[in-house]
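Peer 1: Have a look at this one.
The values are calculated or read from the model by the stated rules, or taken from the named source; none is laboratory data. The shown structure was predicted, so the numbers you read here are calculated from the model rather than taken from an experiment. In this analysis, Cβ positions are derived from the backbone assuming ideal geometry, glycine residues included, and neighbour counts consider all displayed protein chains. Protein only, heavy atoms only, side chains kept; ligands, DNA and RNA dropped before computing areas. Shrake-Rupley method; radii C 1.70, N 1.55, O 1.52, S 1.80 Å.
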Amino acid sequence: MLSHIPAEDLRELYFNFPVATCLVGRDGRYIAANRAYAELIHAPLATMMGKHIAELCGDIVHAHVVRDFATFDAGESVPNHELAFFGRFYVVAVRPMRDKGAPRVEALCIALTDITEQKALESRLELANRQLSEANRQLTEAARTDALSGLWNRHALEEMLAREIGRCRRERAALSVLMIDIDHFKKYNDGYGHPAGDGALRAVSHAMAGVLKRPGDIVARYGGEEFLVVLPTTDASGALRVAGDVRDAIAALAIAHEASASGRLTVSIGVANLSAPARTATIADIRATLIDGADQALYAVKVDGGDGIRLHTPDQSVLDRRDGAAAPA
């Protein structure tokens, strides 16, 4: 069929073909090239023939050509690949040219398809996907974060508490919780106003978060002026130390509270601990044991006037750690 097309027409078709193509001999010199290729490398087409590819395109491109000749000589193929070239991006296709019936590769036919706009679109899409992923992450975190305190909210707390209970149960490790309540907070709001109350909640939250240094420790707003701290792999004595640090950190805020006996904002803390949750116990049962125990200990502190720490023990007795003294429930 092509025999009916005049050779001059075929040459004109090749020269005007929109994809940049060239023919390079084994010596690295140009045998042929079309106008699109000449425009790509910013060289006059009339002066290109016989010039070495390294002269017009650099040693790196020449090294690619030498490598491709060696690959075809070894009976292998050269896959299409991307190339940054003269400030744009191309897909490069390389095919061997042989004399009819001869195994030796005499030249390489190289075609470069411009994909710069496609790459730019891919970059924009990649950026948009990263931004969308980050927005989704922020939305997910916002849904799990208490807006006022900045701590985990109740929903996130329940999810993480169940996870930690399951882990401590598998590993037969200790698990402790602290239930913390700001003393006489309603009176604080009544006396100083709700904006001041919100500020006090934020300050207390920040102080508690500053005490908890281990990555696995959890502090969350449980509701109102009540907070819950989860301390994985922490025994009773360790939990009491953390409770003491929390109490001291909040005392150091020195937030005035005229309705409090001490004249400042204080907290009551109930502590509950399981030394090794039974593997046969359900997560719900373990959760109830810890939360109920901490709540009972907290209630005992409140009955005693607040501003204290108590540990709920397995026999239901409560040890008073307020001011370093021990007392029965």
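Peer 1: Out of 61, 66, I need the residue that is surrounded by fewer than 17 Cβ atoms within 10 Å (Cβ to Cβ), outside any loop (DSSP other than H, G, I, E, B) and among the β-branched types (Val, Ile, Thr). Which one?
Peer 2: 66
Peer 1: Answer yes or no as to whether residue 286 is touching a Pro at 6+ places or on another chain (Cβ under 6 Å) and of a type outside the set (Ser, Thr, Tyr).
Peer 2: Details: touching a Pro at 6+ places or on another chain (Cβ under 6 Å): yes; of a type outside the set (Ser, Thr, Tyr): yes.
Yes.
Quick grid of which residues meet (1) surrounded by 19 or more Cβ atoms within 10 Å (Cβ to Cβ); (2) aliphatic (A, V, I, L, M); (3) under 16 Å from residue 174 (Cα atoms):
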site: 227; (1), (2), (3): yes, no, no
site: 240; (1), (2), (3): yes, yes, yes
site: 247; (1), (2), (3): yes, no, no
site: 269; (1), (2), (3): yes, yes, no
site: 281; (1), (2), (3): no, yes, yes
site: 290; (1), (2), (3): yes, yes, yes
site: 311; (1), (2), (3): yes, yes, yes
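Peer 1: Okay, moving on. Residue under question is residue 223, and the condition is that it be modelled with pLDDT under 95, of a type outside the set (Val, Ile, Thr) and within 12 Å of residue 180 (Cβ to Cβ); does it hold? Explain how you work it out, then say what you get.
Peer 2: Values: modelled with pLDDT under 95: yes; of a type outside the set (Val, Ile, Thr): yes; within 12 Å of residue 180 (Cβ to Cβ): yes.
Yes: the conditions hold for residue 223.
Peer 1: Related question: Just give me the residues in the stretch 193-202 being open to solvent by 30 Å² or more (accessible area, probe 1.4 Å) and either touching a residue at least 24 places away in the same chain (Cβ under 8 Å) or in a loop (DSSP other than H, G, I, E, B) (or both), in sequence order.
Peer 2: If the condition is that a residue be open to solvent by 30 Å² or more (accessible area, probe 1.4 Å) and either touching a residue at least 24 places away in the same chain (Cβ under 8 Å) or in a loop (DSSP other than H, G, I, E, B) (or both), then 198, 202 are the ones that fit.
Peer 1: Here's something else I'd like to know. Residue by residue through the stretch 140-157, note down the ones that are open to solvent by 50 Å² or more (accessible area, probe 1.4 Å) and under 23 Å from residue 215 (Cβ atoms). Walk me through how you get there before you give the answer.
Peer 2: Residues of the stretch 140-157 open to solvent by 50 Å² or more (accessible area, probe 1.4 Å): 140-143, 147, 150, 152, 154-155.
If the condition is that a residue be open to solvent by 50 Å² or more (accessible area, probe 1.4 Å) and under 23 Å from residue 215 (Cβ atoms), then 140, 141, 142, 143, 150, 152, 154, 155 are the ones that fit.
Peer 1: Are there any pairs, at least 6 apart or on different chains, whose C-beta atoms fall under 6 Å, with the first in the stretch 166-182 and surrounded by fewer than 19 Cβ atoms within 10 Å (Cβ to Cβ) and the second part of a loop (DSSP other than H, G, I, E, B) and modelled with pLDDT under 95, and if so, which?
Peer 2: As it stands, the answer is 172/276; 173/233, since those pairs meet every condition given.
Peer 1: In addition: Any residue in the stretch 78-105 that is in contact (Cβ under 8 Å) with a residue 12 or more places away in the chain and within 13 Å of residue 64 (Cα to Cα) sitting within a Cβ distance under 7 Å of a residue that is surrounded by 10 or more Cβ atoms within 10 Å (Cβ to Cβ) and among the small types (Gly, Ala, Ser)? List the pairs, counting only those 6 or more apart or interchain.
Peer 2: Hits for this filter: 80/93; 93/111.
Peer 1: Select the strands (runs of 3 or more DSSP E) contained entirely in the stretch 206-310, then report the ones holding at least 1 residues which are at positive phi.
Peer 2: Working: elements: 218-223, 226-232, 267-274.
Hits in the stretch 206-310: 218-223.
Peer 1: Return the residue satisfying two criteria in turn: it lies in the stretch 7-27 and is open to solvent by 70 Å² or more (accessible area, probe 1.4 Å) and assigned to a loop (DSSP other than H, G, I, E, B), and of such residues it is modelled with the lowest pLDDT.
Peer 2: Filtering first and then ranking leaves 16.
Peer 1: With respect to residue 149, is the statement that it is in contact (Cβ under 8 Å) with a residue 12 or more places away in the chain, over 30 Å from residue 52 (Cβ atoms), out of contact with any Asp or Glu (no Cβ under 6 Å at 6 or more places or on another chain) and hydroxyl-bearing (Ser, Thr, Tyr) true? Reasoning before the result, please.
Peer 2: Values: in contact (Cβ under 8 Å) with a residue 12 or more places away in the chain: yes; over 30 Å from residue 52 (Cβ atoms): yes; out of contact with any Asp or Glu (no Cβ under 6 Å at 6 or more places or on another chain): yes; hydroxyl-bearing (Ser, Thr, Tyr): yes.
Taking the combined requirement at face value, the residue satisfies it.
Peer 1: Go through (1) among the aromatic types (Phe, Trp, Tyr); (2) closer than 27 Å to residue 104 by Cβ; (3) surrounded by fewer than 18 Cβ atoms within 10 Å (Cβ to Cβ) and name the single condition residue 30 misses.
Peer 2: Against the list (1) among the aromatic types (Phe, Trp, Tyr); (2) closer than 27 Å to residue 104 by Cβ; (3) surrounded by fewer than 18 Cβ atoms within 10 Å (Cβ to Cβ), residue 30 comes up short only on (3).
Peer 1: State whether the residues of the stretch 6-14 include one that is touching a residue at least 12 places away in the same chain (Cβ under 8 Å) and either of a type outside the set (Gly, Ala, Ser) or under 17 Å from residue 105 (Cα atoms) (or both). Walk me through how you get there before you give the answer.
Peer 2: Restricting attention to the stretch 6-14, the residues satisfying the condition of being touching a residue at least 12 places away in the same chain (Cβ under 8 Å) are 14.
Those still in the list that are either of a type outside the set (Gly, Ala, Ser) or under 17 Å from residue 105 (Cα atoms) (or both) too: 14.
Taking every residue of the stretch 6-14 in turn, at least one turns out to be touching a residue at least 12 places away in the same chain (Cβ under 8 Å) and either of a type outside the set (Gly, Ala, Ser) or under 17 Å from residue 105 (Cα atoms) (or both).
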